[in-house]
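> Take this structure, written in structure tokens, and hold onto it; I'll ask about it next.
The values are calculated or read from the model by the stated rules, or taken from the named source; none is laboratory data. Just so we're clear, the structure is a prediction, and the values are computed from it rather than from any experiment. Counting neighbours? That spans all protein chains shown, and the Cβs are built from the backbone with ideal geometry, glycine included.
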Amino acid sequence: MAKKKSDSGATSGGVTEAPAKPYVVLARKYRPQTFDDLIGQETMVQTLRNAFASGRIAHGFMLTGVRGVGKTTTARILARALNYETDTVNQPTIDMPGLGRHCAAIMESRHPDVIEMDAASNTGVDNIREIIESARYRPLSARTKVFIIDEVHMLSKGAFNALLKTLEEPPGHVKFIFATTEVRKVPVTVLSRCQRFDLRRVDVPRLAQHLKSIVATEGASADDDALVLIARAAEGSVRDALSILDQAISTSFGEAGGTVTAASVRALLGLADRGRIFDLLDLLVAGEIAQALGALDTLFQDGADAAQVLADLAEAVHITARVKAVGPDAAGEGLALEEKRRAEALGARLSMALLARLWQMLLKGLDEAGKASNPLAAAEMVLIRIAHISDLPPPDEIIRMLGGAPERRRDGARPATSAPAASVGATANAAPMDAADAPAADFDPEDAGEFDFASDAPDDEDGGLAPRPGQGVSLRPLASFADVVALAGDKRDAKLRLALEEQVSLVRYDGAAGAIDLFLLPGAAPDLANDLREKLNAWTGRRWIVALSKTPGERPIGEVRREREAQEIAALKRHPAVAAVLKAFPDAEVTPVPPKARDRDDDSKTG
């Protein structure tokens, strides 16, 4: 018959059972004990190894890095190395194959000669004064007295100042080790007295491999995809990764197979499936608002946080842009093959400009969702905004519409508004073009669309002149007389453009009122003013008044341009490199850049 256990822990037969040991979390259980156990910090370990081997050991160390990369653990290992002592070793050393006389007490933070202080709760001058007084006395049992100050940036200004003198010239038996996550808040006077080591984040593949070895040691099982998700969520922090893994193992305990799966990790962290995130992004860039909102609602019902979905979308946009920029092979080791394939396919459809716009909108949406009382509603509004920009033209297309002209559509067809996915591909890959280099501003009647104001209607009430049927209206802004000359060039009227450049002197120009006063130079046609007025009326759809003045005004535009070109050529000839070329080739000449091909053909074309 089984024996009953009494309240005192003894069985009825008098045999005492040992109490069960408390569970130790993985982050503490697998804390590194030697420098060889540290992962991702090879540069620091090699530097310390060389310093110990050559006897060039500093008296102050500053360990920096994000949370969970091993700053405090490294400080304890360094204190252990400074005081390592066995029957055969009695000097500081990085190689510690076994526990020395002081190692266990140092790693458990209970050694009398290794004093740890949390600066977050000991910020004042009195706390530093205790350290200074203690530094005067030699260590009790160890070789070196080590002061470890964690979160050192929390010390007050007075405490830092009180520490400076001792830190600069400490006794030979004293070493200082500081750890901080905010190194910018540490005074430079302290930093200059220490050797600084920046502990790096552990990359995703290395951290996932580390988690895999721990899972095997624990006798548990986990999918590789799940470990990659945990490593990615930890953002380079080993402690965060072990804490998540600890929770994931507990979550999968008792389930079928007891394996940590990617689905269970996503449910634990509130993450969305990366494939479903790319599906949602595809819907957004295709302008499918209803389906995109439905996909978001499904993700939310499955446990994904609304703000986290926006963050995942931003990460998917970043992956797509990175794959598009550097290729799938160099896009990142932490990406699965399916993610690279989806990102490569999406990047082939979207331009880098559109991806940058999506990134900016998602970042702004993340901030809005964080401040909103209803994050789901905020996320929905962000998706609606993104879906609505899918069929909008890019900025360079708008500039062409306002300052130049859209590209001609050779097929005479306009993009259908019911196919936003096609319009995304068209607008996203449109090549940028400067307004000054825009093509001709006249449209064919069949493809003028909403930008063709051709009409048979008479003049409007405000005096505007309706253009003749089949005549497109230019959208080029005429802010100066030079813009009028450029408009003549856009209209392929080379004769008028040449006359305005060489045969007239501008006296007055008022674009808002539509008034121009000109002085005709020798050789100008007598009817030049009337010809210019009629063509401006037709090109702009408004009335213009072109009058002739009896007194000259400004110099002709062509003369000013030739003089400027001559000055530029003269300055260019004075350049040492050009002068050397001209000296080597006496017959060489420096000439202006010839006009564009379309300008050379103007004589054969009419407006």
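> Of the conditions (1) crowded, with 17+ Cβ neighbours inside 10 Å; (2) assigned by TED's automatic domain parsing to the domain that holds His318, Gly275 fails just one. Which one is it?
Checking Gly275 against (1) crowded, with 17+ Cβ neighbours inside 10 Å; (2) assigned by TED's automatic domain parsing to the domain that holds His318, the one that fails is (1).
> Could you list, in sequence order, the residues of region 168-216 that are assigned to a strand (DSSP E or B) and in contact with a helix residue (DSSP H, G or I) (Cβ under 7 Å, 6 or more places away or on another chain)?
Scanning region 168-216 gives Val174, Lys175, Phe176, Ile177, Phe178, Ala179, Thr180, Phe197.
> Considering Phe160, Phe176, which residue is of a type in the set (Phe, Trp, Tyr) and within 30 Å of Asn90 (Cβ to Cβ)?
Of Phe160, Phe176, the one residue that is of a type in the set (Phe, Trp, Tyr) and within 30 Å of Asn90 (Cβ to Cβ) is Phe176.
> Output the residues belonging to region 109-126 that are modelled with pLDDT under 90 and not small (Gly, Ala, Ser).
Matches in region 109-126: Asn122, Thr123.
> Counting only residues that are more than 25 Å from Pro522 (Cβ to Cβ) and modelled with pLDDT of 90 or more, how many does region 488-509 have?
The qualifying residues number 0.
> Please go through region 519-578 and give me each residue that is of a type in the set (D, E, K, R) and over 16 Å from Arg497 (Cα atoms), ordered by number.
Result: Arg542, Arg543, Lys550, Glu554, Glu563, Arg564, Glu565, Glu568, Lys573, Arg574.
> Would it be correct to say that Leu337 is more than 15 Å from the chain's Cα centre (by Cα), modelled with pLDDT under 85 and assigned by TED's automatic domain parsing to the domain that holds Gly287?
Yes: the conditions hold for Leu337.
> From the list Leu518, Leu536, which residue is touching a Phe, Trp or Tyr at 6+ places or on another chain (Cβ under 7 Å), among the hydrophobic types (A, V, I, L, M, F, W, C) and either closer than 20 Å to Ala486 by Cβ or surrounded by 17 or more Cβ atoms within 10 Å (Cβ to Cβ) (or both)?
Leu536
> Mind checking which residues of region 232-249 are part of a helix (DSSP H, G or I), closer than 12 Å to Arg206 by Cβ and within 21 Å of the chain's Cα centre (by Cα)?
Scanning region 232-249 gives a single hit, Ala234.
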